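Below you'll find the structure, written out as structure tokens, and then a few comments.
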2 protein chains.
Amino acid sequence: MSLDRVLNATSVAIVGASRNETKRGYQAIKTLLEQGFEGKIYPVNPKENRVLGFRCYPKVSDIEEPVDLALITTPARTVPSIIEDCGKKGVKGAVIIAGGFRELGAEGKKLEQEMLEVAKKYNVRLIGPNTSGMMNLKNNLNLVGIPDVPKGDIALVSQSGNMALSLITEASVKSQKGFSYYVGVGNEADIKFHEYLEFFGNDPDTKAILMYVEGMSEGRQFLQQAYRTTLQKPIILLKSGRSAAGKASAGSHTGSLAGMSEVAHSAFERAGIIVIDNPDELFPAAECLSSLPSIRTNSVGILADGGGHATIAADILTDLGIKIPKLSNKTQAKLKEILPFTASVRNPVDVAGGADADPSIFAECAKIMLKDADIGGLLIVGLFGGYGIRFAKSLSLIEEDAAHRMGKMVRKRNKPIVVHSLYASRNTHPIELLRYYNIPVYDSLHVACKSIGVLAQRGSYMNEYHAKVNFVFNWGAKAKPGGRKIIETARKEGRNFLLEHEAKALLKLHGAPVTNDRLATTPEQAVKFAEEIGTDVVLKIVSPQILHKSDAGGVKMGLRGKEQVVKGFEEVIQNAKRYNPKAEISGVLVSPMAEQDLEVIIGTKIDDQFGPVIMFGIGGIMVEVLKDVSFRVLPISSASARKMMQEIRSAPILDGVRGNPPYDKKALRKLLVMCSELVESYPEIREMDLNPIIVYHQGAKVVDARVLLRDDC
Amino acid sequence: MSLDRVLNATSVAIVGASRNETKRGYQAIKTLLEQGFEGKIYPVNPKENRVLGFRCYPKVSDIEEPVDLALITTPARTVPSIIEDCGKKGVKGAVIIAGGFRELGAEGKKLEQEMLEVAKKYNVRLIGPNTSGMMNLKNNLNLVGIPDVPKGDIALVSQSGNMALSLITEASVKSQKGFSYYVGVGNEADIKFHEYLEFFGNDPDTKAILMYVEGMSEGRQFLQQAYRTTLQKPIILLKSGRSAAGKASAGSHTGSLAGMSEVAHSAFERAGIIVIDNPDELFPAAECLSSLPSIRTNSVGILADGGGHATIAADILTDLGIKIPKLSNKTQAKLKEILPFTASVRNPVDVAGGADADPSIFAECAKIMLKDADIGGLLIVGLFGGYGIRFAKSLSLIEEDAAHRMGKMVRKRNKPIVVHSLYASRNTHPIELLRYYNIPVYDSLHVACKSIGVLAQRGSYMNEYHAKVNFVFNWGAKAKPGGRKIIETARKEGRNFLLEHEAKALLKLHGAPVTNDRLATTPEQAVKFAEEIGTDVVLKIVSPQILHKSDAGGVKMGLRGKEQVVKGFEEVIQNAKRYNPKAEISGVLVSPMAEQDLEVIIGTKIDDQFGPVIMFGIGGIMVEVLKDVSFRVLPISSASARKMMQEIRSAPILDGVRGNPPYDKKALRKLLVMCSELVESYPEIREMDLNPIIVYHQGAKVVDARVLLRDDC
């Protein structure tokens, strides 16, 4: 495990150690001492003899004993030579605080490259540069200078030191949870997100991984690792830098190729990552996921005192797609026994003042509701934990008893309870007790709803996990000799694309329903082919120099009979020659006119961050004007293909509108999966464009196909 | 002002006064005493002689002195007779706490009606029933029993007592703001939302009105009042009960006709109301709007220490449609002078650690940024207020100085500053100072962004106010004698709809471009009309008994020449008779075939809550499958009509796609406004359906029109 000696270092050199209290090189040593680092500390500074009682070394290589990790607090330009020295000493890793690398432009980028080369040479792994540092809360290796970070089982990976500080502060103030590690990823120059993910995925003391990301350099490897990790433990991620101003900010901040493509969200979710948009929900999501059972039924019971909070909660959960099922008659009857007649027992359950004099009624109701098989988890909203404040002090004791009982219920039923209390910030004893039992308590109703929401999201993901496909390509595995030959031919002829008939031949080889095209080189041959086809035909020019046939006047449609076909053949060739006098003409493609019906589009391309992706949409205005398309990172499963078709807004069209029978979605699903297979089979494919595909009530037909090849294959 | 003696009551009777500490009738008197109510208190209970030292009266009418208001704490069934007694005594208003009215179903509804009738008889105005009470924080008339409510200039109107408690608690814990009044609206049996609105709109001590609404009974009057009130002061509103479970919850809670139609959001916003979805943003919005200048430029500067918060803030503000303009070169140069070289000065401005040793740099940067004319307000994100905690205690003093300076800047520049600080919940002295200067400080970055967002929303509304139309109909003002006659004819004939040619005649009278239709009663006449038209014609059956002509086979298209027209005429009549043997046939409409182009739809109807509304969409799949339509409450202005066309997703189609020139949006705009005028002119109109309208690159044509009349006019 190559990061073990780095993140679990037991000896650390502080390069730039200082006796000046305002310097990082002083603060870092002081923090290590105060926080009780269990390993060895070696200050390094040629100008000092002793710092904070430690002997100070002129350089790292002067240290006699082995050193795992170096914290480098000196300016950017000094870093490469320090790394060189560290490398010679056999140091395993370095944390580079300085900014002034890639995020500052070309010169900084050069310096970053130089640093990286030295590090590679000596196999020194780098955290940063441009990072706030790292912390191992297990052995108190605190290289950030934030004291008294709450300890716990959440690993925090952040591209912003201040976001980390926010989350740490939130954990201290609003929860009883804490962190196992923190890593400030910084510019991600050497160690990448996916490597941290792998490390924390394997760390037995980490139960959830919390990430703040502005941009990442190796999206696909990240997805692959996340796909593996989320099977074991949840990953919660907030990605910023969506907007132009946000991108610019992220660029100047971490120098990241910020701004992920439109596939990011769905790709992350497919990898099992819980993607969060609102920073208020980030830590709470990790809090819930690291300590509560997930919800397998996508359904929640709401227990309230007074209707307002219940009504809002019902709205928010419904927006999240979570069911709020009506309680069974049996459950309702039991609730009625203990609640006043004005109470509502349907779900949301409103105790309607029934708790004002006896808040233990919440534990009673919780017990009854959690027993209902349709209820996967319980959200309690309102005043719980504050009845002692609101009504009479003595009620606190009753609340405490209720808290103990609810805590045990979660364990017994293996169903989560999440609590909203408008008294959450008062940290009353009942609230502390709930948190002791891992029942989180939020003062934000919105956050409480979203938090129980992620438990349902996690449960649904785990339910469907078997249907997911990982992100690993088995390159070339299903390639066919015929397909290889088509691509090789294009390559030999110096083309970075396939001619239409080649593309269709490739598709046909893998089972796609393409129009039955034939390449004619003479008018007579065209006539013969047209006669054999028997219906109206289309003529299309085939030339390595003409990619956009229509633009060149190289397409003639709806021809029938010898005269029309001969005339069409000649016109198509003349137009092509006029369009590009140097065009070599391979011939003219003779295709049957496909019967008109619904046009759809499938496309694939290589995304900068995630590699091959696929797109689906309904042709014409839906794609061109409404941009109504769905994306997936490849490869995809049949289940993914089905979802792609479902999630476009115009999906109802596929199901048949205005009395039309449904279109053949199965044929499209097969075609989508086949396109995935093609991209996987032939790594040379850069882009595919099946446009249009005509889909019928039975079957589908690929009418035009374009395949572009990578320049570098 | 009919609510003055109610909400500003100086004498109050507590009906149900009790010596039992757990009873509302005890707590209410105790709270009034403890909170220092400045008026007179009269306990009422036939079973008690004295309560808390006061003489207790058997009934309200036994009190010798005048009584403004009665708080009724007794059960529902007792209420009507108590109101009767109050009425006889001349009491102006009553607050009815008990539940058990409309929200419990038919029997409760009857009781509510009974109570209401008594109240109307004696002109006693009612708050509630099913309310937590009301508070006047100016004279300490606290009838809720929540002690120590922070005083201030926000009036709170809520349909949930616990939501009110949440907001009050939030105000105490997270701000220095407070409330002028609270009213628990409850079932809204007598006093309606719009009446409270009017009262608080006129109250000089109220600067903003904060509302939580589950449902309202008189939507249009509310809109009209809000339209007037928001010109003077902001209204901030959260509406719940969108989802099925939420509606059910609201129904059992306040018995409201919950669930507002799809027009609610846009109607509220047009009335100048700030509509909030996330309860976390509700109080902060009121906090900002009641005390900070609004933003007139829709642009914000972001000032941060470290990139993470800045990047997230830029994303959120961009999502809100707020500009984050690049700072002028002059501004950037000034910032560079005082910031480290790693800082970013574009906007977001990142001081990049420049404040770690001197947080006064925030005041410097704020001053420079607010001077930039492109910057309408400033959002500071990160650690401000906590540098003393994070780095060195002494920095607090520098922060305090910076807070003083920033507070004065807001006044001087009349531009708002909003602060996010991860130390907000620590309430440090610098944070208290900021709040003293009405600069709010939030621990939630999301809330800080949304809060500055509402200041921009308010500013934009005030900028565009002149273009808004109020919600008042000038019924019949623009009616034409010819139009009246058409409607009267239908009425006389016992129809609640117009025949197609009548509807078109009505439209034409008001300037709509309708097809030139003529009603033929014989085949010969039809032939004559067709010849005069000269192009292909459409024949359509006209019968008072046949509303859906196509279903009856009553439409024939694309006919030309005598033979076709005669045959068509006969078929249409035969089909109609077969469809409904009792149908009276008025004749056959002969219309020119309109040239095909883009089909759009305009419709109007009467919304349950808001009265007449209008809808616009592009015909076919856009409306039928994608439900891509926009709604407005009528009447509308030309500017509103333009926005309706802009806000459908398929709007680009109107601008011309695939090389098409744009469609004649001006013609559609005129048509929308004309439909608004028609509904206003003829109150008899219940529903209009112009479908299809064919729009061309020049002009438009109403091809079919349906007008339904109200049954009750």
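Applying the set (1) in contact (Cβ under 8 Å) with a residue 40 or more places away in the chain; (2) within 12 Å of chain A (Cβ to nearest Cβ) to residue B:264 leaves exactly one unmet item: (2).
Can you find a residue in region A:515-532 that is modelled with pLDDT under 90, touching a helix residue (DSSP H, G or I) at 6+ places or on another chain (Cβ under 8 Å) and over 30 Å from residue A:320 (Cα atoms)? Looking for residues that are modelled with pLDDT under 90, touching a helix residue (DSSP H, G or I) at 6+ places or on another chain (Cβ under 8 Å) and over 30 Å from residue A:320 (Cα atoms), one finds at least one in region A:515-532, hence yes. The sole residue among B:394, B:425, B:444, B:421 that is more than 21 Å from residue A:166 (Cβ to Cβ), of a type in the set (S, T, N, Q) and within 14 Å of chain A (Cβ to nearest Cβ) is B:394.
Restricted to region A:581-689, the set of helices (runs of 4 or more DSSP H) holding at least 1 residues that are within 14 Å of chain B (Cβ to nearest Cβ), touching a residue at least 12 places away in the same chain (Cβ under 8 Å) and out of contact with any strand residue (DSSP E or B) (no Cβ under 7 Å at 6 or more places or on another chain) comprises A:621-624, A:651-654. Within region B:197-211, the only residue that satisfies the criterion of being acidic (Asp, Glu) and touching a helix residue (DSSP H, G or I) at 6+ places or on another chain (Cβ under 8 Å) is B:198. Residues in region B:420-441 that are more than 20 Å from residue B:306 (Cβ to Cβ), surrounded by 23 or more Cβ atoms within 10 Å (Cβ to Cβ) and of a type in the set (A, V, I, L, M, F, W, C): B:439 alone.
Residue-wise test of (1) in the same structural domain as residue A:539 (by TED's automatic domain parsing); (2) surrounded by 19 or more Cβ atoms within 10 Å (Cβ to Cβ); (3) within 26 Å of the chain's Cα centre (by Cα).
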position: A:607; (1), (2), (3): no, yes, yes
position: A:625; (1), (2), (3): no, no, no
position: A:630; (1), (2), (3): no, yes, yes
position: A:633; (1), (2), (3): no, yes, yes
position: A:638; (1), (2), (3): no, no, yes
position: A:657; (1), (2), (3): no, no, no
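Only a single item in (1) within 14 Å of another protein chain (Cβ to nearest Cβ); (2) under 32 Å from the mean Cα position of the chain (by Cα); (3) farther than 24 Å from residue B:210 by Cβ is not met by residue B:303, and it is number (2). Filtering region A:137-168 to residues that are within 12 Å of chain B (Cβ to nearest Cβ) and small (Gly, Ala, Ser) leaves A:145, A:158, A:160, A:161, A:164, A:166. Of all residues in region B:150-179, those satisfying the criterion of being polar (S, T, N, Q) and out of contact with any Lys or Arg (no Cβ under 6 Å at 6 or more places or on another chain) are B:158, B:159, B:160, B:162, B:166, B:169, B:172, B:175.
Residue B:321 falls short on exactly one of the conditions (1) at positive phi; (2) over 42 Å from the mean Cα position of the chain (by Cα), and that condition is (2). Consider region A:511-546 and keep the residues that are of a type in the set (A, V, I, L, M) and closer than 30 Å to residue A:677 by Cβ. The one that is nearest to the chain's Cα centre (by Cα) is A:512. The C-beta contact set for region A:327-355 (first residue part of a loop (DSSP other than H, G, I, E, B), second residue aromatic (Phe, Trp, Tyr) and at pLDDT 95 or above, distance under 7 angstrom, 6+ apart or interchain) comprises A:355/A:362.
One residue is enough: does region A:455-474 have a residue meeting the conditions modelled with pLDDT of 95 or more and touching a helix residue (DSSP H, G or I) at 6+ places or on another chain (Cβ under 7 Å)? Yes, that holds for at least one residue.
The number of residues in region B:216-259 that are part of a helix (DSSP H, G or I) and modelled with pLDDT under 90 comes to 11. If I filter region B:37-58 down to residues being within 42 Å of the chain's Cα centre (by Cα) and at pLDDT 95 or above, which single residue comes out as surrounded by the most Cβ atoms within 10 Å (Cβ to Cβ)? Of everything passing the filter in region B:37-58, B:44 is surrounded by the most Cβ atoms within 10 Å (Cβ to Cβ).
Under 41 Å from the mean Cα position of the chain (by Cα) and without any contact (Cβ under 8 Å) to a residue 12 or more places away in the chain: is that true of residue A:308 in this structure? Here the answer is yes, as residue A:308 does meet what is asked.
Number of residues in region A:515-559 that are assigned to a helix (DSSP H, G or I), farther than 14 Å from residue A:569 by Cα and among the hydrophobic types (A, V, I, L, M, F, W, C): the value is 1. Summed over region B:135-179, residues that are in a helix (DSSP H, G or I) and within 27 Å of residue B:189 (Cα to Cα) total 8.
Here region B:667-713 is the region considered, the condition is being in contact with a Pro (Cβ under 7 Å, 6 or more places away or on another chain) and under 24 Å from residue B:493 (Cα atoms), and the residue that is surrounded by the fewest Cβ atoms within 10 Å (Cβ to Cβ) is B:713. Taken over region B:35-75, residues that are within 18 Å of residue B:9 (Cβ to Cβ) and not aliphatic (A, V, I, L, M) amount to 16. Of the residues B:464, B:432, the single one that is part of a helix (DSSP H, G or I) and under 23 Å from residue A:173 (Cβ atoms) is B:432. Considering only residues that are of a type outside the set (Val, Ile, Thr), in contact (Cβ under 8 Å) with a residue 40 or more places away in the chain and assigned to a helix (DSSP H, G or I), look in region B:31-50 and name the one that is nearest to residue B:65 (Cα to Cα). Residue satisfying both the conditions and the ranking: B:32. Flag set for residue A:312, criterion: of a type in the set (A, V, I, L, M, F, W, C) and buried (at least 22 other Cβ atoms within 10 Å of the Cβ).
The values are calculated or read from the model by the stated rules, or taken from the named source; none is laboratory data. Source: prediction; values computed, not measured. Here Cβ is always computed from backbone atoms with ideal geometry, including for glycine, and neighbour counts include all displayed protein chains.
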